[in-house]
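The next block holds one structure in the form of structure tokens; read it before the comments.
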Amino acid sequence: MIPAKFKSVSDPIAEDAAHWHFRRGSGLSSEERSAFEIWHAADPRHAAAFSEIDRAWAVLDRPLVAGRSRFVLEQLGARAR
């Protein structure tokens, strides 16, 4: 259990979108895919939140896709020192 002082106030729709994004990346069964599609279509805010998370992860994946993840991690490590 997470102590209350460490819990953040967040948007439940954004939390659901993050959950679905993670699950989708791990692979969905046909039942899960149907549940995702129902959730996604149920409210325009669901689709918007999911798209926002999807775009953010696409940006974060760019170094990996370009084969530059080691360089980026080294640069981030150097900045942290």
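The values are calculated or read from the model by the stated rules, or taken from the named source; none is laboratory data. Source: prediction; values computed, not measured. Virtual Cβ from ideal backbone geometry, glycine too; neighbours counted across all protein chains shown. Only protein heavy atoms, including side chains, enter the accessible area calculation; ligands, DNA and RNA are left aside. Shrake-Rupley method; radii C 1.70, N 1.55, O 1.52, S 1.80 Å.
Here the chain exposes an accessible surface that is 59 percent carbon and sulfur, computed with a 1.4 Å probe and the other protein chains kept in place. Extents of the chain, taken as max minus min of Cα coordinates on every principal axis and listed largest first, are 44, 37, 23 Å. All other residues whose Cβ lies under 14 angstrom from that of Glu74 are scored, Lys and Arg at +1 and Asp and Glu at -1, for a net of +4.
Dividing the helix sum by the residues of the chain, where each DSSP H run of 4 or more adds -39500 (n - 2.57), gives a mean residue ellipticity at 222 nm of -25000 deg cm²/dmol. Residues considered: Ala14, Ala49, Ala35. Largest GNM mean-square fluctuation over the chain, using C-alpha springs under 10 Å, is found at Ala35. Structural descriptor for the chain: relative contact order 30 percent, calculated from alpha carbon pairs under 8 angstrom and at least 6 residues apart. The residues neighbouring Leu64, those whose beta-carbon lies less than 15 Å from its own, together hold a net charge of +1 under the Lys/Arg +1, Asp/Glu -1 convention.
Ignoring ligands, DNA and RNA, what accessible area per residue does the chain give at 1.4 Å, in Å²?
Ligands and nucleic acids excluded, the result is 83 Å² per residue.
Please report the net charge: other residues with Cβ closer than 11 Å to the Cβ of Asp11, K and R +1, D and E -1. Net local charge, Asp11 excluded: -2.
With all protein chains in place and ligands, DNA and RNA left out, the 1.4 Å accessible area ranks Phe36, Phe22 as Phe22, Phe36, largest first.
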